[in-house]
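The values are calculated or read from the model by the stated rules, or taken from the named source; none is laboratory data. Just so it is clear, the model here is predicted, and its values are computed rather than measured. Ideal geometry is used to build each Cβ from the backbone, glycine not excepted, and the neighbour counts take in all protein chains shown. Ligands, DNA and RNA are excluded from the accessible area calculation, which covers all protein heavy atoms including side chains. Shrake-Rupley method; radii C 1.70, N 1.55, O 1.52, S 1.80 Å.
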Amino acid sequence: MLTVGIDIGGTKIAGGVVDQEGRILDKGRVDTPTDTAELAAAVVEMARSYIDRHDAVAVGVAAAGFIDKAQATVIHAPNIAWRNEPLKAVLEAGIGRPVTIENDANAAGWAEFRFGAGAAVDDMVMLTMGTGVGGAVIIGGRMFHGGHGIAGELGHMRFTRNGLPCGCGQNGCLEQYASGRALQREAGAIADSGGIGEALAAARATHGTLTGHVISDLILSGDPGALEALRRVATALGEACGGFQAVLDPELFVIGGGVAQLGDILLEPVRLAYETSLPGYGERPVADFAIARLGNDAGLIGVADLAGQEA
């Protein structure tokens, strides 16, 4: 049985045909239209092209935003002008196959649970460190959606009172302290301070800005300023994981997103902060940590698998 997975991003729509083992058999991408009607038409066209070539039985669509409990309506999307958009009905009318709608972070987390770093556990939390911090919670082998369908927004847990303003409208959210953007901000502050920030300042002068790639290269070279920026961000994430452990008690935390490409260099300070933040540490079981394995394909793989389970 084959299914189609489509992951709608702010600039690109990625799609593919996925088998029951999570393997992508056909894949492509198009630019994301700014007009919502054109966007829906682009998704329909992509899905139908895959169905025609592979006779897929169902379509899964992942998108950033709040999806209702029925997994049918996009209540609010941050990068697309969807407000209470009945996306499932709109797409099913054009595609002619069952359509499953899922939050993009949930879809990526499900892919890691089914086919990636979390395949050996039943209870897992995934956190993605990108521009923001995405989250997904798997409990007892099932995606946790909560009472209104929008659970798992872990990046918008208030991490500190009266903290930095967040795009969600609140202040002090975790993603302001534990994301790729937070790493850039911390690196910039260290560059401004002199001392161990000398190499960061020199890189900024050369490149005009401190991008994630520039900071990562300095981290991998062992630069003390870049490593300190990473330590600050990793510490915030680890402290938050201690809190998530107290509430959810997962067996495993899977860390994804661009910053996760640093691997154990990231996980070491995350684990340390997690352990020192954990209630009853030393007298209770602790979670393992792993880096996500499926990269940018996770969203389309996960939502395709979810569509197959509902078909």
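Filter the range 73-103 for residues that are farther than 15 Å from Ala63 by Cβ and assigned to a loop (DSSP other than H, G, I, E, B) and give the result. Those that are farther than 15 Å from Ala63 by Cβ and assigned to a loop (DSSP other than H, G, I, E, B): Gly96, Arg97, Pro98.
Residues that are in a strand (DSSP E or B), farther than 14 Å from Phe289 by Cβ and of a type in the set (A, V, I, L, M, F, W, C) do not occur anywhere in the range 104-126.
Residues that are farther than 23 Å from Gly308 by Cα and polar (S, T, N, Q) were ranked within the range 1-48; the one that is most open to solvent (accessible area, probe 1.4 Å) is Thr34.
Output yes when any residue across the range 175-193 is under 16 Å from Asn296 (Cα atoms) and open to solvent by less than 20 Å² (accessible area, probe 1.4 Å), and no when none is. Checking the range 175-193: at least one residue is under 16 Å from Asn296 (Cα atoms) and open to solvent by less than 20 Å² (accessible area, probe 1.4 Å).
The residue pairs whose first member lies in the range 16-34 and is more than 13 Å from Ala47 (Cβ to Cβ), whose second member is among the basic types (Lys, Arg), and whose beta carbons are closer than 9 Å, counting only pairs six or more residues apart or on different chains, are Gly22/Arg114; Arg29/Lys12; Asp31/Lys12; Thr32/Lys12.
Give me the residue from the range 133-156 that is part of a strand (DSSP E or B) and among the hydrophobic types (A, V, I, L, M, F, W, C) and, out of that set, most open to solvent (accessible area, probe 1.4 Å). Full working, then the answer.
Of the residues in the range 133-156, the ones part of a strand (DSSP E or B) are 133-139, 142-143.
Keeping just the survivors that are among the hydrophobic types (A, V, I, L, M, F, W, C) gives 133, 136-139, 143.
Working: Val133: 8, Ala136: 0, Val137: 5, Ile138: 2, Ile139: 70, Met143: 28 Å².
Among them, the one singled out is Ile139.
Screening Ile196, Ile215 for residues that are open to solvent by less than 30 Å² (accessible area, probe 1.4 Å) and on the phi < 0 side of the Ramachandran plot leaves exactly one candidate, Ile215.
Give me the residue from the range 49-81 that is of a type in the set (Gly, Ala, Ser) and surrounded by fewer than 19 Cβ atoms within 10 Å (Cβ to Cβ) and, out of that set, farthest from Gly302 (Cα to Cα). Among residues in the range 49-81 that are of a type in the set (Gly, Ala, Ser) and surrounded by fewer than 19 Cβ atoms within 10 Å (Cβ to Cβ), the one farthest from Gly302 (Cα to Cα) is Ala81.
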